[in-house]
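Working notes, beginning with the structure itself.
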């Protein structure tokens, strides 16, 4: 099925879900795309099919699903009246519903943690499952104080390791920085437990050695992004430390953290599968996990809401 140019957000009535809803609406406004609100309701002990009067718990679950979607549509519609917003609820396991939806669109947004009730899985596990299974970029949002653009000294933070997914994440990060009119901070962090290797304490200007070899050169990785998005100011950092923690620390002053879903996967290289998973747990700002290619996003008027 061909991709549909829209933003999809999973909601469950939680506070993180509400923040994800508004983040997704803002992204839809920036991209000039419609927004689709989705809620998945799971009945693990019953076969899929229409509910009956003899199944009161099922009927209550479906009523709750309808209310969650209706509330989300009303909430987003009040704040983002110019965005084309639609929504529906689907019977199925939340991570499976959203992962399947990812094959039909180019961006999924979900809250970091959700509600715990009889009809829905905890969105913490759902967010991790979707981020690591979806074929399109996934943004995971947690509740927290919204900052003004001027309060983001690092703008968009991008973690790279020179792999193919780094290139895909780079394109996504440049597009996000351009659309938000924010600077981009590109980081390559290395951590080597070999005791005789001594690294500088401060960020370096050139690639650091990793297990006796040169680490990824940031300039080579981001060359295409610089050419495609000349309006984006770029700062580069080579850091000594565990990659996920380094990125999480920098993301405290960022609007968005962008990582690839998986890196090289060898002992001596960054494994962005583990880095992205840990970043989802540690980063205080929204985290974009990019697996496949990401398209260029044209900047429109910066939203004020």
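Coordinate-derived values only; no laboratory data. None of the values given here were measured: they were computed from a predicted structure. Reconstructed Cβ throughout: ideal geometry from the backbone, glycine too, with neighbour counts over all protein chains shown.
Using 7 Å Cα-to-Cβ label points, what is the residue 227/residue 15 separation (nm, one decimal)?
Rounded to a tenth, the inter-label distance reads 4.7 nm.
With label points built 7 Å along Cα→Cβ from the Cα atoms of residue 86 and residue 104, find their separation and express it in nm.
Once both label points are built, they end up 0.9 nm from each other.
Based on the mean of other Cβ atoms within 10 Å per residue, sort peptides 218-231, 96-109, 157-170 so the most packed one is first. Show your work: numbers first, answer last.
Working: 218-231: 15.5, 96-109: 20.8, 157-170: 24.8.
My ranking of the peptides, most packed first, is 157-170, 96-109, 218-231.
Cβ neighbours within 10 Å, averaged per peptide: list 278-287, 67-76, 133-142 in order, most packed at the top. Present the calculation step by step, with values, prior to reporting the outcome.
On the way: 278-287: 21.0, 67-76: 18.1, 133-142: 23.3.
The peptides rank, most packed first, as 133-142, 278-287, 67-76.
Please compute the length gained on full extension between residue 143 and residue 125, using 0.36 nm multiplied by the number of residues separating them and subtracting their Cα-Cα distance.
Numbers: separation 18, 0.36 × 18 = 6.48 nm, distance 1.62 nm.
Extending this stretch completely gives an extra 4.9 nm.
Can you tell me which of 242-248, 177-183 comes out highest on packing, and rank the rest after it, using the mean Cβ neighbours within 10 Å? Each step should come with its number before you reach the end.
On the way: 242-248: 22.3, 177-183: 20.4.
Ranked from most to least packed, the peptides come out as 242-248, 177-183.
With r as the distance between the Cβ atoms of residue 252 and residue 70 and R0 = 35 Å, compute the FRET efficiency 1/(1 + (r/R0)^6) and round to 0.05. Numbers along the way, then the final one.
Numbers: r = 35 Å, r/R0 = 1.01.
That pair, residue 70 with residue 252, gives E of 0.50.
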